[in-house]
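The values are calculated or read from the model by the stated rules, or taken from the named source; none is laboratory data. What you see is a predicted model, and the numbers here were worked out from it, not measured in a lab. As a convention, Cβ positions derive from the backbone with ideal geometry for all residues, glycine included, and neighbour counts pool all protein chains shown.
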Amino acid sequence: MTLLVLGLILFLGAHSVRIFADDWRTAQIARRGAGAWKGLYTVVSIVGFGLIVWGYGQARTQPVVLWTPQLWARHLAVLLMLVSFILLVAAYVPRNGIKSRLHHPMVLSVKVWAFAHLLANHTLADLLLFGSFLVWAVLDFRSARQRDRAAGTVYPPGTLRGTLIAVVAGTLVWALFAFWAHAWLFGVSPLGA
């Protein structure tokens, strides 16, 4: 569990600098340059992510069960993951109504992903992993919205075409994960097949 916690501290810590120390981040970029900052950020994130994967994998071999997941929670989690994938894709599709309205769909995607996985899973490692990401996503979304208000950021209006592309592509990626990739990558089928 130590590796999982260390990985979460590194990964989410790197991704939290804008939340808790945006002025310090700006000063470091000005002092060292954007390339150096991005390089350090990338290295810390990759090391953190690697430790998360390794630590979570180790924790799954000797799970500490906290509660019994309910069948309805698994079904709800699968549905929430559809929403999460649509939000994730909406972060990258230009001029879609989802991004135009919500402004930060990727962070919302992480929030929905973490909540869905908390519903469907039941161990201490799950609580640490998904709970940490959920708390981070709530704080990051709030911080991003505050930065938008302070900067007077205006998001371009979405189009029906952009919105449909985001929804269809997100649904296709969700289906790929739900029916194949999740079991292949993590050894667990979310559909129970």
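A few comments on the model shown:
- Among the residues listed as Ala175, Ala116, Ala169, Ala120, the single one being modelled with pLDDT under 95 and among the small types (Gly, Ala, Ser): Ala120
- Filtered residues of the range 1-45 (kept if hydroxyl-bearing (Ser, Thr, Tyr) and in contact (Cβ under 8 Å) with a residue 60 or more places away in the chain): Ser16
- Val83 meets the conditions (1) surrounded by fewer than 18 Cβ atoms within 10 Å (Cβ to Cβ); (2) over 13 Å from the mean Cα position of the chain (by Cα) in every case but one. The failed one is (2).
- Scanning the range 54-71 for residues that are surrounded by fewer than 15 Cβ atoms within 10 Å (Cβ to Cβ) and either under 15 Å from the mean Cα position of the chain (by Cα) or outside any helix (DSSP H, G or I) (or both) turns up Gln62, Pro63, Val64, Val65, Leu66, Trp67, Thr68, Gln70.
- Residue in the range 93-100 that is touching a strand residue (DSSP E or B) at 6+ places or on another chain (Cβ under 8 Å) and loosely packed, with under 13 Cβ neighbours inside 10 Å present: no
- Residue within the range 2-14 that is among the polar types (S, T, N, Q), over 26 Å from Ala150 (Cβ atoms), surrounded by fewer than 14 Cβ atoms within 10 Å (Cβ to Cβ) and not assigned by TED's automatic domain parsing to the domain that holds Leu129 present: yes
- Residue satisfying condition, being within 25 Å of Gly187 (Cβ to Cβ) and in a helix (DSSP H, G or I), within set Arg74, Arg25, Arg18, Arg31: Arg74
- Near pairs, Cβ below 9 angstrom, 6+ apart or cross-chain, from the range 88-109 (in contact (Cβ under 8 Å) with a residue 40 or more places away in the chain and closer than 23 Å to Phe130 by Cβ) to any residue that is in a strand (DSSP E or B) and not β-branched (Val, Ile, Thr): Val89/Asn96; Ala90/Asn96
- Contact map, the range 167-193: first residue in contact (Cβ under 8 Å) with a residue 60 or more places away in the chain, second residue not hydroxyl-bearing (Ser, Thr, Tyr) and not in a helix (DSSP H, G or I), Cβ cut-off under 8 Å, separation 6 or more or different chains; pairs are Ala169/Val93; Phe177/Pro190; Ala178/Pro190; Ala178/Leu191.
- From Gly39, Gly13, residue being touching a helix residue (DSSP H, G or I) at 6+ places or on another chain (Cβ under 9 Å), in a helix (DSSP H, G or I) and over 22 Å from Asn121 (Cβ atoms): Gly13
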